[in-house]
1. Of all residues in region 61-89 being of a type outside the set (S, T, N, Q) and over 30 Å from Ser168 (Cβ atoms), which is farthest from the chain's Cα centre (by Cα)?
2. If a residue must be buried (at least 22 other Cβ atoms within 10 Å of the Cβ), without any contact (Cβ under 8 Å) to a residue 60 or more places away in the chain and under 19 Å from Thr79 (Cβ atoms), how many such residues does region 124-182 contain?
3. Looking for something part of a strand (DSSP E or B) and under 23 Å from Asp77 (Cβ atoms) - is there at least one such residue anywhere in region 208-226?
4. Could you grab me the full set of residues in region 140-194 that are within 20 Å of Trp205 (Cα to Cα), part of a loop (DSSP other than H, G, I, E, B) and of a type in the set (D, E, K, R)?
5. Which residues, taken from region 90-121, are under 17 Å from the mean Cα position of the chain (by Cα), closer than 20 Å to Thr63 by Cα and surrounded by fewer than 18 Cβ atoms within 10 Å (Cβ to Cβ)?
6. Among Asp213, Asp209, which is the only one that is of a type in the set (Asp, Glu), out of contact with any Gly (no Cβ under 7 Å at 6 or more places or on another chain) and farther than 20 Å from Phe247 by Cβ?
7. Being in contact (Cβ under 8 Å) with a residue 60 or more places away in the chain and either surrounded by fewer than 20 Cβ atoms within 10 Å (Cβ to Cβ) or under 30 Å from Glu129 (Cβ atoms) (or both) narrows it down to one of Leu198, Leu216, so name that one.
8. Is region 219-227 home to any residue that is out of contact with any strand residue (DSSP E or B) (no Cβ under 9 Å at 6 or more places or on another chain) and closer than 23 Å to Ala71 by Cα?
Amino acid sequence: MKLTSIVALLFAGTALAAPSKLAARRNERLRKRMESRKSNLPLAVNYTSMGDSIKSDNPGFVTYSSNWAGAVIVTTDVTEVTGTFTVPTAEIPSGGSDSTEYGAAAWVGIDGDTCETAILQTGVDFLIEGTETEYAAWYEWYPDYSYDFDNFDVSPGDVITATVKATSKTAGTATIENQSTGDSVTHTFSDEASLGSLCLTNAEWIVEDFESDSQLIPFADFGTVTFTDASYTADGDASSPSGATIFDVEQDGEVVTSCSASSSEVACTYE
């Protein structure tokens, strides 16, 4: 009887010490994401050609890409972009598979559209596979990979303010504020000349189908993401996204987003 109890206790201890399958999958997903997650320039609708980027040249009209949905302002001396959004609940798109990982990201940024050398950006990823979801806040100086902010929790329904500031063409800051929890975090880029210099010509509010393992991740159904209090600073003056070029995502011959911009908002809906 005593021996049986000891064996049972040892077995229980072993079971408690072993990571669950869910935890193991989560850790593997986070490891892969840290090693391979990356934003891209806006890509042509034929997204199998990752190097085929496009530029918007039609302010107030719609440009279709395979990975960017949102709004872009093209101007001069852009030094700050900000916007506030509610983190959506990621869902598997209609007809999708429980065994496939889907993802999307909401971010604000400087450059990347008409400037092909760098993007200063920060935002939140939302991913889903089966019943598992992950949400992570990150910063990036493209063409480098993105990096998660440490010890910063993000959940569906949280109200996030994302802000990027350029202090020069090779330096700046990326800040994420979680208005729901009161937490705030900032990363400072001090000298990124070796990666690429900003042009300071684009202000962006984007929902992106980002790259993972050198290809676009299957696009998650993000419902609606609305950037409120959206603004940018150019030539020292604050302005709104009104009149921006609108980007919508087209994949496999179907337009899957519907975006718009107004005097203080940029809204994108997954269709």
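The values are calculated or read from the model by the stated rules, or taken from the named source; none is laboratory data. Because the structure is predicted, anything quoted here is derived from the model rather than measured. Using ideal geometry, Cβ is built from the backbone for each residue, glycine included, and neighbour counts are taken over all protein chains shown.
1. Only one residue fits best here, namely Phe61.
2. 4
3. Checking region 208-226: not a single residue is part of a strand (DSSP E or B) and under 23 Å from Asp77 (Cβ atoms).
4. Scanning region 140-194 gives Asp144, Asp158, Lys169.
5. none
6. Step by step, each of Asp213, Asp209 is checked, and only Asp213 is of a type in the set (Asp, Glu), out of contact with any Gly (no Cβ under 7 Å at 6 or more places or on another chain) and farther than 20 Å from Phe247 by Cβ.
7. From the options Leu198, Leu216, the qualifying one is Leu216.
8. no
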